[in-house]
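Reading through the structure tokens given below for one structure.
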There are 2 protein chains.
Amino acid sequence: MTLGPREARHLHVLRLRVGDVLRVFDGQGAEAGAEIMELEAGHAVLILGAAVSGAAETPFPLTLAVALLKGDKLSDVVRAATELGVARVQLLVTARADAREIGAQKLMRLQRVAEEASKQSRRAVVPEVLTPIALADFCWDGQLFVAQPGSAGRIMNLLDWSAPVNVLTGPEGGLTDAEVAGLIERGAYEVTLGPRILRAETAPVALLGAIAAAGE
Amino acid sequence: MTLGPREARHLHVLRLRVGDVLRVFDGQGAEAGAEIMELEAGHAVLILGAAVSGAAETPFPLTLAVALLKGDKLSDVVRAATELGVARVQLLVTARADAREIGAQKLMRLQRVAEEASKQSRRAVVPEVLTPIALADFCWDGQLFVAQPGSAGRIMNLLDWSAPVNVLTGPEGGLTDAEVAGLIERGAYEVTLGPRILRAETAPVALLGAIAAAGE
């Protein structure tokens, strides 16, 4: 297997040398042991061992559906969500989320953030960051959990890993009551993150943390 | 009650006017309704209603003990931890945490972050950010939970709000095995945040999120 300049640079950063062994992954759940045969500034050649299916993955895909946030906050959310095991990040346009907050370039940057975070947290899967859609068009398989301050629902009592798991968090200012009601009507569960008001960029990390802590 | 320039500015930012009502708190758990009687650039005068004890607080104090982190990462941790209900942040010097990462000025800035975050999340208590101490000198009442990748402990099974709750997370590179062993010997519980490697600044938010989601 031959690696290009960006990946070769990553090997240099890790201070690896010819003869060192490492694990490589294909971004789709498979990983393998590998030995470095050549390592130059612009490329590297590896010999791969047998592919094994990736560790550190949830039994079914975990999706974070998150409203568009202002500035660079989504980068932090995507980074933490990747560490916490999500397989996909679906960006959402909601009543209080400004669709102008995203463009092709920002989307590409978010995908790059997911890639880097996958490496750092040694995941075999790179989460896909999906082009924003309207909240009404968001469909899900399995369970959907919506973070709502003061709700009585507890994620650890409801979580069921026999199917895909989805979590949804709102923009600055939150989802509207009508948006929450619409999701509940479609089968979503409201869950609490305690009685305090969380920022839009804290809620997804806290909720994914609770899922990670609950385990499978 | 007369407010100084910084607080008056906060009222302006919130676009409040004379005659508007709001809630004020004393940073120690008490809060009260208030009406704005005067509002100038440099000061404001409020009339207070009866004090009530603060909502949004855990039954016993929640302490985050966190190793010193590089750069400005502790600001993000203190901000999110405040939203998630901590009453105190104890900074720690550990084997892999550089004590040079903090000074009096940075400590003051962290305390300011806690103040601002308390306001934003409408808490009646401002968490105290405590001067760093060595890990070996950190003592706790009640329970201490230490985030350890791959541990079998589950916070939601162990959490007991009949006493104070403490959580501890390490620096970049983690706690050493000897440090973890020392804490376990002193009665701490190891708990998991899943099989993936979290950054030092993600772990406390994820663990506090799990506690907030578990409720009381």
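The values are calculated or read from the model by the stated rules, or taken from the named source; none is laboratory data. What you are looking at is a predicted structure, and each value in this text was computed from that prediction instead of being measured. Virtual Cβ from ideal backbone geometry, glycine too; neighbours counted across all protein chains shown.
Things worth noting here:
- Residues that are of a type in the set (A, V, I, L, M, F, W, C) and either touching a Gly at 6+ places or on another chain (Cβ under 6 Å) or not assigned by TED's automatic domain parsing to the domain that holds A:Leu84 (or both) within the stretch A:166-194 comprise just one, A:Val191.
- A single entry from A:Ala152, A:Ala213 fulfils the requirement of being closer than 20 Å to B:Glu83 by Cα and part of a loop (DSSP other than H, G, I, E, B): A:Ala152.
- When the residues of the stretch B:91-121 are filtered to those that are within 14 Å of chain A (Cβ to nearest Cβ) and crowded, with 17+ Cβ neighbours inside 10 Å, the one that is modelled with the lowest pLDDT is B:Ser121.
- For B:Arg112, the conditions (1) in a loop (DSSP other than H, G, I, E, B); (2) free of Cβ contacts under 8 Å to residues at least 12 places away in the same chain all hold with the exception of (1).
- Within the stretch A:123-141, being surrounded by fewer than 16 Cβ atoms within 10 Å (Cβ to Cβ) and outside any strand (DSSP E or B) holds for A:Ala136, A:Asp137, A:Cys139, A:Asp141.
- Condition check for B:Gly215 on (1) within 12 Å of another protein chain (Cβ to nearest Cβ); (2) touching a Lys or Arg at 6+ places or on another chain (Cβ under 8 Å); (3) in contact (Cβ under 8 Å) with a residue 24 or more places away in the chain: one failure, at (3).
- Test set (1) assigned by TED's automatic domain parsing to the domain that holds B:Leu207; (2) among the aliphatic types (A, V, I, L, M); (3) over 19 Å from the mean Cα position of the chain (by Cα) - B:Leu16 fails condition number: (1)
- Qualifying position, being in contact with a helix residue (DSSP H, G or I) (Cβ under 8 Å, 6 or more places away or on another chain), assigned to a loop (DSSP other than H, G, I, E, B), buried (at least 24 other Cβ atoms within 10 Å of the Cβ) and within 7 Å of chain A (Cβ to nearest Cβ), among B:Leu193, B:Leu207: B:Leu193
- Hits in the stretch A:44-66 - residues which are away from chain B (no Cβ under 14 Å) and closer than 19 Å to A:Gly209 by Cβ: A:Phe60, A:Pro61, A:Thr63, A:Ala65, A:Val66
- Test: residue in the stretch B:61-76 that is assigned to a strand (DSSP E or B), β-branched (Val, Ile, Thr) and crowded, with 17+ Cβ neighbours inside 10 Å: yes
- Looking only at the stretch B:22-57, and only at residues there that are in contact with a helix residue (DSSP H, G or I) (Cβ under 6 Å, 6 or more places away or on another chain) and small (Gly, Ala, Ser), the one that is modelled with the lowest pLDDT: B:Gly42
- So A:Leu198, is it touching a residue at least 12 places away in the same chain (Cβ under 8 Å) and more than 12 Å from chain B (Cβ to nearest Cβ): no
- Residue within the stretch B:70-83 that is at pLDDT below 85 and closer than 23 Å to B:Val146 by Cα present: no
- Boolean, B:Arg88 is surrounded by 13 or more Cβ atoms within 10 Å (Cβ to Cβ) and of a type in the set (D, E, K, R): yes
- Of residues in the stretch B:154-188 being more than 18 Å from B:Ala212 (Cβ to Cβ) and within 14 Å of another protein chain (Cβ to nearest Cβ), the one farthest from the chain's Cα centre (by Cα): B:Gly173
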